[in-house]
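One structure is given here, and the rest of the page talks about it.
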Amino acid sequence: MLSASSPWYDTPIINDTYLDILNIRTIPSSDDDPLYKLTPTYTHRPDLLAYDMYNDYRLWWVFAQRNMDIIRDPIYDFVPGLELYLPQANNLRNFLGLG
């Protein structure tokens, strides 16, 4: 069983070793998602921003899924000056079922 914080949560499990074809978990937009300009602190480190925003480094993938029109590579596109929308913590936790 995959964790609710996993980007592969919606992907079927074939057996103990393999997952089926990826089902992308989309992150819905909300009118209250703030636009954030990345600082050098987070260069190539979405895990650090996820920890600072959501107290959970495992949610690093959320930024790429919420900003699919901006981010192609979730690590190397994470550069200073990039402007992206950040889901509000309470909205994200409710959507993912993390409480």
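The values are calculated or read from the model by the stated rules, or taken from the named source; none is laboratory data. Note that this is a predicted model, so its numbers are computed, not measured. Every residue, glycine as well, gets a Cβ built from its backbone with ideal geometry; the counts of neighbours run over all protein chains shown.
Before moving on, here are some points about what is shown:
- Scanning segment 54-73 for residues that are among the basic types (K, R) and in contact (Cβ under 8 Å) with a residue 12 or more places away in the chain yields a total of 2.
- Among the residues of segment 54-70, those that are within 15 Å of Y85 (Cβ to Cβ), out of contact with any strand residue (DSSP E or B) (no Cβ under 8 Å at 6 or more places or on another chain) and crowded, with 18+ Cβ neighbours inside 10 Å comprise Y54, L59, W61, V62, A64.
- Residue check for L84: surrounded by 13 or more Cβ atoms within 10 Å (Cβ to Cβ), among the aliphatic types (A, V, I, L, M) and within 14 Å of the chain's Cα centre (by Cα): yes
- Among the residues here, Y51 does not qualify as of a type in the set (F, W, Y), modelled with pLDDT of 95 or more and farther than 17 Å from A4 by Cα.
- Close pairs (6 angstrom Cβ cut-off, 6 or more residues apart or separate chains): surrounded by 10 or more Cβ atoms within 10 Å (Cβ to Cβ) in segment 25-43, charged (D, E, K, R) anywhere: R25/D10; I27/R66
- Top-ranked residue in segment 11-30 [being over 16 Å from N94 (Cα atoms) and charged (D, E, K, R); ranked as modelled with the lowest pLDDT]: D16
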